[in-house]
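The values are calculated or read from the model by the stated rules, or taken from the named source; none is laboratory data. Since we're looking at a predicted model, the values are computed, not measured. Here the Cβ positions follow ideal geometry from the backbone for every residue, glycine too, while neighbour counts run over all protein chains shown. Side chains are part of the model used for accessible areas, which takes the heavy atoms of the whole protein and leaves out ligands, DNA and RNA. Shrake-Rupley method; radii C 1.70, N 1.55, O 1.52, S 1.80 Å.
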Amino acid sequence: MDFLGLFDPSEEDSDVGSSSGSLGSAGMSSPDSSSPESGLEESSSSELEQLPDQLPPEPQLGNIEYKLKLVSPSKHRFQHLVTQMKWRLREGQGEAIYEIGVEDSGLMTGLEPAEMTASLTTLHRMAAELGAAVTVLRERRVPAAPGGPERCVSEVLVRKVPDDIHSVDLRLAVLGNADVGKSTLLGVLTYGELDNGRGRSRLNIFRHLHEIRTGRTSSISHEILGFDSEGNTVDYSASPTAEEICEQSTKLVTFIDLAGHQKYLKTTVLGLTGYSPHHAMLVVSANSGIAGTTQEHVGLALALKVPMFIVVTKIDLTSAATLRHTLAALEAMVRGPGCGKQPLRVVDETSAAEAAAAPPDTVPVFSVSSVTGAGLPLLKKYLHALSPSTGATERKRLEQQLCEFQIDETYRISETGVVVGGLLTKGIITEGARLSLGPLEDGTFTPVRVSTIHRNRRPSRVVRAGQAASLAIDRDVPGLRRGMVLLAPQARPTACLYFQATVCAFRPQAICRRLQTTVHLGNVRQTAVIEGVFDSTDQLPANKTTSAMFKFYRQPEYVSVGDRLLFRLGRARGYGIGTVTQVFPCRQEEEVM
């Protein structure tokens, strides 16, 4: 990275350090036993008290920085610190966490009040140099020596939206069984009004009449929640339109509300594979616990390597004993052999901030009520501090590649023409860019030009890898559909009917020749036939890896080597996963080339 030429993260300095850890590993707030979640809080408070006053040693990369103190730095030192902050913000896609009063080794030494005030003043000056905002997430008192002054440690969020981006984007896929309160929870979060106990808030989320009648989501919908530079929520209660929410927000959380019923499982998988969410929010009812498609949704998130957190709803309708039983069952599932992660119950602001900075193998667990509002402030605090998981190095690598835009939605708008919405997975697209659109039914691509770009309902001149956008193209293309892509012409794009992949079934189901499957490859969803299994027995038991040949049933699609696929195995409820290893272009494309 360019910054490494100016700063060596490993240098020994009393006010320099970094770590992927957080202040929360030594939380001190006591839970409120009067709330419905008292069962989980009582079991967690003793664990918090026993945690040592020590964070993990500093790694060299990441967006979390340790500072022992920042008191009256010299002019040269101040510029060095500003450069360091700029790099940390780039690592965190516009967000950085500063731990003030922590040594490089992770020891929480703490600062006296006067030193902490001076250090925070310096931090504000550093942020002002970059046009960034500073928010103190939490403070923790550190035991002082006998007769010594009181000392404390502060965790601070620094946020700066990049110059060519209006806000920091975070995409969350909302998973969970039917009737657990997913849409109700989203309605409360995004509209700022509590539910009446009969599902009033979910009416703001539903898109179709049959959804209103049944109370069940059957399609993919998108809802937004914004945060301003001070960490306050920006929702529809104060801003009547989505455009105003986007205008006033420095961080924008997009909830991808997915269906929970078994009959709409294909739609749920398409949302997970096509929209590439940064995190998955699994919603579980405190009454019913792990039921229906819950475990299946967990398996899908694990297969696609999407970090996950859990929200337990309806705690106002649940006894303390039932809530404890549900939480214990969830923790057992998270720790189980199929998942192998560490649950973290969020009971106060300290654990909420800790959860936001936790590594991917940690699964935070929240307990909320959409009727009383219990637990919602902690969930919002977590969302405010949560960062996208893609690192700066990976983003830079993707931006340097030839562009690849996956089309998830198509529109025809009067006075604008044809508009396609989707996700840019590679490269950069600017206004006026000439791209290739396809594949068409015969496997060919046609040239188009991008006339305008919109991101978060605002005009934009550029879209970068990892960002969602809507692109207006200069002409109508017959057969335009979801699953198509926009590619750079110099990539010489080709489509295929046949492709080979290394596959494995993670449910009890054999993979055999002539088996029909529903294949999900990014934004592509189509029936495919397994033409051959490269195994001596021509049939593969579950949990064993082999190579298989697939053929799309209807028409060619754009597939790349290295793409991750997920496929449904016949009529069984099991899924298989795999990675594309070889692509066989259509004959038409071979003749053109």
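At a glance:
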| quantity | calculated |
| --- | --- |
| Residue in the stretch 80-93 that is small (G, A, S), at pLDDT 90 or above and either over 30 Å from G148 (Cα atoms) or surrounded by fewer than 22 Cβ atoms within 10 Å (Cβ to Cβ) (or both) present | no |
| Hits in the stretch 377-395 (condition: out of contact with any strand residue (DSSP E or B) (no Cβ under 9 Å at 6 or more places or on another chain) and either surrounded by 14 or more Cβ atoms within 10 Å (Cβ to Cβ) or β-branched (V, I, T) (or both)) | T390, G391, A392, T393 |
| Top-ranked residue in the stretch 304-321 [being part of a helix (DSSP H, G or I) and touching a helix residue (DSSP H, G or I) at 6+ places or on another chain (Cβ under 9 Å); ranked as least open to solvent (accessible area, probe 1.4 Å)] | I315 |
| Condition met for L170 (at pLDDT 75 or above, closer than 30 Å to I256 by Cβ and in contact with a Phe, Trp or Tyr (Cβ under 6 Å, 6 or more places away or on another chain)) | no |
| Residue list for the stretch 515-534, restricted to those being of a type outside the set (A, V, I, L, M, F, W, C), under 25 Å from I407 (Cβ atoms) and open to solvent by less than 30 Å² (accessible area, probe 1.4 Å) | T517, T518, H520, G522, N523, Q526 |
| Filtered residues of the stretch 331-355 (kept if open to solvent by less than 20 Å² (accessible area, probe 1.4 Å) and either of a type in the set (D, E) or under 21 Å from the mean Cα position of the chain (by Cα) (or both)) | V334, P343, V346, D348, S351, A352, A353, A355 |
| Members of the stretch 65-77 found to be closer than 27 Å to V142 by Cα and outside any loop (DSSP other than H, G, I, E, B), listed by number | E65, Y66, K67 |
| Tally, over the stretch 494-517, of residues that are modelled with pLDDT under 90, of a type outside the set (A, V, I, L, M) and part of a strand (DSSP E or B) | 4 |
| Residue among E296, E247 that alone is among the acidic types (D, E), within 27 Å of R159 (Cα to Cα) and over 15 Å from the mean Cα position of the chain (by Cα) | E247 |
| Residue list for the stretch 178-202, filter: open to solvent by 30 Å² or more (accessible area, probe 1.4 Å) and assigned to a loop (DSSP other than H, G, I, E, B) | D179, G192, E193, L194, N196, G197, R198, R200 |
| Every residue from the stretch 409-463 that is open to solvent by less than 30 Å² (accessible area, probe 1.4 Å), farther than 23 Å from K396 by Cα and outside any strand (DSSP E or B) | P439, G443 |
| Residues satisfying the stated conditions in the stretch 93-109, i.e. closer than 30 Å to E399 by Cα, in a strand (DSSP E or B) and not charged (D, E, K, R) | A96, I97, Y98 |
| Residue match in the stretch 258-269 (condition: open to solvent by less than 40 Å² (accessible area, probe 1.4 Å), outside any strand (DSSP E or B), within 16 Å of P364 (Cα to Cα) and not hydrophobic (A, V, I, L, M, F, W, C)) | no |
| Matching option when the condition is in contact with a strand residue (DSSP E or B) (Cβ under 6 Å, 6 or more places away or on another chain) and either touching a residue at least 40 places away in the same chain (Cβ under 8 Å) or closer than 25 Å to T273 by Cα (or both), among R481, R475, R458, R464 | R464 |
| Flag if I205 is at pLDDT below 90 and open to solvent by less than 10 Å² (accessible area, probe 1.4 Å) | yes |
| Residue within the stretch 467-480 that is assigned to a loop (DSSP other than H, G, I, E, B), more than 28 Å from V168 (Cβ to Cβ) and open to solvent by less than 40 Å² (accessible area, probe 1.4 Å) present | yes |
